[in-house]
Number of protein chains: 2
Amino acid sequence: MLQRFKVPKDDEVRVAHDALTETVTSIFEKMGVQADDAALGAEVLVATDLRGVETHGVSNMLRSYVEGYTAGTLNPRPDVKVVSDSPAIANVNADKGLAVILGPKAMEMAMEKARNVGVGVVTMSNAGHSGAIGHHAMLAAKNDMVGMVATSGGLLVVPTFGAEPRLGTNPIAIAAPARSEPFLLFDAATSAIAGNKLRLADRVGASMMPGWIAGLDGDPIMDEIKLPERGQYYQLPLGGTREQGSHKGYGFGIMAEVLSTMLTGDLPTMVEGSPGGSHHYFAAYNIEAFCDLEQFKDNMDQMLGTLKATKPAPGHDAVIYPGVSEHEEEAERRQNGIPLHKEVIEWFSDITAELSLPALRTM
Amino acid sequence: MLQRFKVPKDDEVRVAHDALTETVTSIFEKMGVQADDAALGAEVLVATDLRGVETHGVSNMLRSYVEGYTAGTLNPRPDVKVVSDSPAIANVNADKGLAVILGPKAMEMAMEKARNVGVGVVTMSNAGHSGAIGHHAMLAAKNDMVGMVATSGGLLVVPTFGAEPRLGTNPIAIAAPARSEPFLLFDAATSAIAGNKLRLADRVGASMMPGWIAGLDGDPIMDEIKLPERGQYYQLPLGGTREQGSHKGYGFGIMAEVLSTMLTGDLPTMVEGSPGGSHHYFAAYNIEAFCDLEQFKDNMDQMLGTLKATKPAPGHDAVIYPGVSEHEEEAERRQNGIPLHKEVIEWFSDITAELSLPALRTM
């Protein structure tokens, strides 16, 4: 994550991951979520914070989930229905369940299919937010598979040359195991900047770089500016401008929409009459069905090691690959706690009081 | 395609697609390729030219294939071996066959699996170039499936912050059917600019935009310049610079490498001891297994129609989606012929003379 998005030292309060898990679990339970699901949801969110992906951990997301459960847009005890089922695929209706909790279950379903026939794909409609989709992809990697996840939903991103938002930030993630190197974990919005980063930018006062957002007329803003008020800008696809490849970011956004929304049989959010909500795609590739698993892991080590050994360009210390900084961050945060913005701590203080729960223990 | 890459009017010679198919077929046959395979290879290449994807049609590619067959790096009559096979996946060794010809066969294999179990994935090692992978993805779309293809190979692109090339331009493509709208067809290199576009730029004299290439020290070149001599620059990942999201382009490049190279059990090109060659990934999703096929097509029409109806930003006439300009180009070129650069016509003149073939008929 770029330095500009880190919680400023003066504003951070450290919280141990087990204390955070405890409080988040109890908040989920107060929302009506069953104990095992509450624990699973907390595990997913805190694991995300441990990896340093503040945008998708508790800071930005938990409060919106609490709002969703309170407003009834999220169902704490969903009756997930399998709409269609074949040996390699399933399409499920999530009954307004939070995909933070249902994601690991969908990936487990995909992995079971992959164990049987080589690859497994599960699509999910009528679902809440998935949290960081890289987490679900990583579950496959931890089970000797390659995991891939995509999500679509929301109207935030303009198409190349467009002046109306048509796509969500539609992220795509892939994870793969290695032997000794940190696992590959790539998880990126197909927009120039993740939607949640904008909220984070608001909180930490980070400025927008050229090509990240557009004015309401769709024209890419090519100066470094403060984030305008919500509703006063649109997001641009990865690439930013046509010359810099925004048509590719736009295309990857559509790819996520096809895999996660269209394959469920639903209309995408951009079309009037769409059921809305989030749609998700989970795929697991059973490495053993393709090739020798041990060889694959050795090969991954060699590839990832070679990437890290790349001579750096001037002004840079090192080359990394997706998953390295998350791995390092996790080791540090497991030991020293997760830095939360003091404003997030205040929210915890309010919500635990409101729900008659013990206060979040800080370090 | 940006205007800068079009063949300048003064330099173009129009050739009818059937005349081009005839000549390309006979060149493949002279290379030792069997008649039906030669016809298939010509069909794939000319279809790509018809779509306006000059970078991957006959202009740039055919001469390199001729070189490959002549040098023995390409096998005209490969004995393709299925290395591993499960109901949903297969991993095949292409025996140095050209994937322009083997791609449609691999996609057919993936589709057969998808018909049986919902999704089919075929990985391919020890292969030659695939041509435009969007073509193979489109075969699935024409068979009521979603097609996805990825390719890896070559050392052209530096990782973010890196000063040594580690990845090929590693394209990813997806295609999906609609009812009345042109089919979705997205096919993009994960580098800022496709490798073949550089050769095309050389031929038509197009300049490089900021963030497309880096100097040999890995530093992104942020001025608009003429393309340096081959060997005097590296390519940058989609995004160009870290601030503009090059870490995402880099990640998508690794995604292609994992799906197409690593799953075959091979080492990637970047690692010493790699077998080299191209590796390919073909996936077919049987729409009917997920949801109602007719509903899917209607939904696609609605999505694609909504994208086209997007209000354009200032200075732009229209918003399109991936596949629209290819569709329009094909209609025009079927009628008026394919514009080839006069330098390409000269090559055809030389090679047909050399192989004792009738000259390519121009319009």
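Okay, here's what the table says:
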read-out: Leading residue at positive end of dipole, the protein assembly as shown (Cβ point charges), from A:Met255, A:Asn75, B:Leu198; value: B:Leu198
read-out: Shape call, segment A:232-294: gyration tensor on alpha carbons, a/c limit 1.5; value: oblate
read-out: DSSP bridge pairs, segment B:3-354: antiparallel proportion in percent, nearest 5; value: 85
read-out: Among B:Thr310, B:Gly277, A:Met148 - extreme Cα towards positive end, dipole of the protein assembly as shown, charges at beta-carbon; value: B:Thr310
read-out: Amide hydrogen neighbours beyond the local backbone of B:Ile225, cut-off 5 Å, H modeled; value: B:Met208
read-out: Amide H contacts of A:Leu340 (H built 1.01 Å from N, under 5 Å, at least 5 apart or other chain); value: A:Val13, A:Arg14, A:Val15
read-out: Relative contact order of chain B, pairs being alpha-carbon contacts under 8 Å that are 6 or more residues apart, as %; value: 23
read-out: Mean residue ellipticity (222 nm) of chain A, computed from DSSP H runs ≥ 4 via -39,500 (n - 2.57), nearest 500; value: -12500 deg cm²/dmol
read-out: Unit charges on C-beta of K, R, D, E only; dipole of the protein assembly as shown, Debye; value: 240
read-out: Spin-label model distance (nm) - A:Asp79 vs B:Ala309, 7 Å beyond Cα toward Cβ; value: 3.6
read-out: Dipole in debye (nearest 20) - segment A:201-289, about Cα centre, beta carbon charges: Lys, Arg +1; Asp, Glu -1; value: 120
read-out: Beta carbon of chain A nearest to the axis of the rotation taking A to B, residue and angstrom distance; value: A:Ala88, 2
read-out: Extension reserve of the B:Glu354-B:Asp18 stretch, reckoned as 0.36 nm per residue once the Cα distance is removed; value: 118.8 nm
read-out: Entries in A:Lys248/B:Lys197; A:Lys30/A:Lys105; A:Lys308/B:Lys81 that, when Cα-Cα distance is taken, lie over 24 Å; value: A:Lys308/B:Lys81
read-out: Global form of chain B, assessed from the alpha-carbon gyration tensor, a/c cut-off 1.5; value: rounded
read-out: 3J(HN,Hα) from dihedral phi, segment A:52-60, Karplus parametrisation 6.51/-1.76/1.60, rounded to Hz, x for glycine, proline; value: x, 8, 4, 4, 10, x, 5, 4, 8
read-out: Placed amide H near A:Leu167: partners under 5 Å, 5+ positions off or other chain; value: A:Leu156, A:Val157
read-out: Vicinal HN-Hα couplings computed from phi for segment B:63-73 (Karplus, 6.51 cos²θ - 1.76 cosθ + 1.60; Hz; Gly/Pro x); value: 5, 6, 5, 4, 4, x, 5, 5, 7, x, 6
read-out: Pairwise FRET efficiency - A:Asp36 versus B:His316, Cβ, R0 = 45 Å, nearest 0.05; value: 0.30
read-out: Top positive-direction residue, dipole computed over the protein assembly as shown with Cβ charges, set A:Asn116, B:Met124, B:Phe28; value: B:Phe28
read-out: Per-residue mean of C-beta atoms belonging to partner chains within 10 Å, peptide B:181-189; value: 3
read-out: Choice from A:Met61, A:Met303, A:Met148 showing the highest fluctuation, given a GNM over chain A with Cα pairs closer than 10 Å; value: A:Met303
read-out: Candidates A:Val157, A:Val117, A:Val44, ranked by Gaussian network fluctuation over chain A, Cα under 10 Å, top entry; value: A:Val117
read-out: Peptide B:147-159, shielding by other chains (average Cβ, 10 Å cutoff); value: 1
read-out: Cα gyration tensor shape of segment B:246-363, rounded if a/c is under 1.5, else prolate or oblate by comparing a/b with b/c; value: oblate
read-out: Centroid-to-centroid separation of segment B:279-329 and segment B:149-200 [C-alpha atoms, Å]; value: 18
read-out: Dipole magnitude of segment A:3-354, debye to nearest 20 (Cβ charges: Lys/Arg +1, Asp/Glu -1, about Cα centre); value: 360
read-out: Shielding of B:108-119 by partner chains, average beta-carbon count, 10 Å; value: 4
read-out: Spin-label pair B:Arg361/B:His327, simplified geometry with 7 Å Cα→Cβ offset, distance in nm; value: 3.1
read-out: Where labels lie 7 Å past Cα in the beta-carbon direction, separation of A:Asp298 and B:Lys342 in nm; value: 5.7
read-out: Calculated label separations, A:Glu272, copies of the chain, 7 Å along the beta-carbon direction, nm; value: 6.5
read-out: From phi via Karplus (6.51, -1.76, 1.60), per-residue ³J(HN,Hα) for segment A:9-25 in Hz, x at Gly/Pro; value: 3, 5, 9, 9, 10, 8, 10, 5, 5, 6, 5, 5, 4, 4, 5, 5, 4
read-out: Label spacing, shortest first and in nm, from A:Arg334 to its equivalents in the remaining copies (7 angstrom along Cα→Cβ); value: 6.0
read-out: Pseudo-label separations to other copies for A:Arg179 - Cα-to-Cβ vector, 7 Å, nm; value: 5.5
read-out: Trypsin sites (Lys or Arg not before Pro) within segment A:212-275, DSSP loop, no more than 13 other Cβ atoms inside 10 Å; value: A:Arg230
read-out: Most mobile listed residue (B:Ala313, B:Ala289, B:Ala176) in chain B, GNM with C-alpha springs under 10 Å; value: B:Ala313
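None of the figures in this text is laboratory data; all of them are computed from the coordinates on show. Worth saying up front: this structure is predicted, and the values here are computed from it rather than measured. FYI the Cβ positions are ideal-geometry reconstructions off the backbone, even for glycines, and counts take in every protein chain you see.
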